[in-house]
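The values are calculated or read from the model by the stated rules, or taken from the named source; none is laboratory data. Treat the numbers as computed from the prediction; the structure is a model and nothing was measured. Here the Cβ is made from the backbone with ideal geometry for all residues, glycine too, and neighbour counts use every protein chain on show. Heads up: the accessible areas ignore ligands, DNA and RNA and are worked out on the full protein's heavy atoms, side chains in. Shrake-Rupley method; radii C 1.70, N 1.55, O 1.52, S 1.80 Å.
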Amino acid sequence: MYSMEARLQKLFDDATHIVFLTGAGVSTPSGIPDYRSKNGLYTGHRNAEYYLSHQCLAQEPDTFYDYVKQNLYYPEAQPNVIHQKQAALTQQNRATVITQNIDNLYREAGCQHLVEFHGNLYNVYCQVCGATVDWHDYLKDPHHDVDGGWLRPDVVLYDEGLNTLNVQRAVAAMGAADLVVIVGTSMRVYPFAGLLDYRNAQAPVVVINQEKLELGMPIDMVQADATQFFTELQV
């Protein structure tokens with residue numbers, strides 16, 4: 001009889017269309033705080049959801065800029081083994097990563113088939129002319145030096161809709177999946193959590209998370225440190 005570790009390894013070995021659904025817990029080993037844990041971003045800031053809203057950006061752009069600059073950017077952070085192993089599977093054309101994370105670490109790891117469901121902090125543009133601006137310049141000054149327009153990161157804020165193409169790509173990947181792997185997320189944030197409704201019903205679902213999840217479907221639950229799991233996973 002297979003041990004659980006061997007059985008999960010075989011699931012990965014046999015799969016040709018893995019979909020990783022990932023959240024902030026993937027990046028905490030890289031030194032980036034999550035949102036809702038004891039030491040998370042939202043815990044220390046009572047009005048965090050307002051500061052990350054379109055309303056704040058529109059009405060108090062200075063407040064929005066100060067909050068984002070001080071709390072979201074970690075340019076020195078490096079991809080960890082979770083990013084690296086998942087990226088390796090995408091480079092083999094065997095996996096797609098759909099992430100809630102906006103920290104750019106999957107790109108740094110060389111991830112090939114990547115859906116950044118909530119955008120990317122390091123893609124910055126001018127709200128007046130639409131021009132792309134280097135994020136280094138944004139962290140120095142939130143105004144476009146060409147026309148004075150307010151710059152913003154291309155991330156989905158509260159009160160904003162999702163990028164339609166990202167949703168379409170995510171739904172298509174879920175429908176084609178022969179293995180779904182949830183890593184480092186509570187799966188409580190919608191519409192991201194709703195992607196499970198579009199999965200191939202025949203695909204096994206594996207959850208690798210510190211917090212036990214109840215998803216209302218059969219799952220293999222690995223309640224453990226994802227860093228250890230991916231260190232041991234052969235790809």
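Laid out as a table, the results:
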{"quantity": "Criterion: open to solvent by 40 Å² or more (accessible area, probe 1.4 Å), touching a residue at least 40 places away in the same chain (Cβ under 8 Å) and in the same structural domain as Thr96 (by the TED database) - qualifying residue of Gln210, Gln202", "calculated": "Gln210"}
{"quantity": "Selected residue (criterion: nearest to the chain's Cα centre (by Cα)) from residues of the range 78-111 that are over 20 Å from Leu195 (Cα atoms) and of a type in the set (A, V, I, L, M, F, W, C)", "calculated": "Leu105"}
{"quantity": "Boolean, Asp159 is farther than 22 Å from Arg94 by Cα and either crowded, with 16+ Cβ neighbours inside 10 Å or in contact with a strand residue (DSSP E or B) (Cβ under 6 Å, 6 or more places away or on another chain) (or both)", "calculated": "yes"}
{"quantity": "Total residues in the range 76-118, condition in contact (Cβ under 8 Å) with a residue 60 or more places away in the chain, over 25 Å from Thr164 (Cβ atoms) and part of a loop (DSSP other than H, G, I, E, B)", "calculated": "3"}
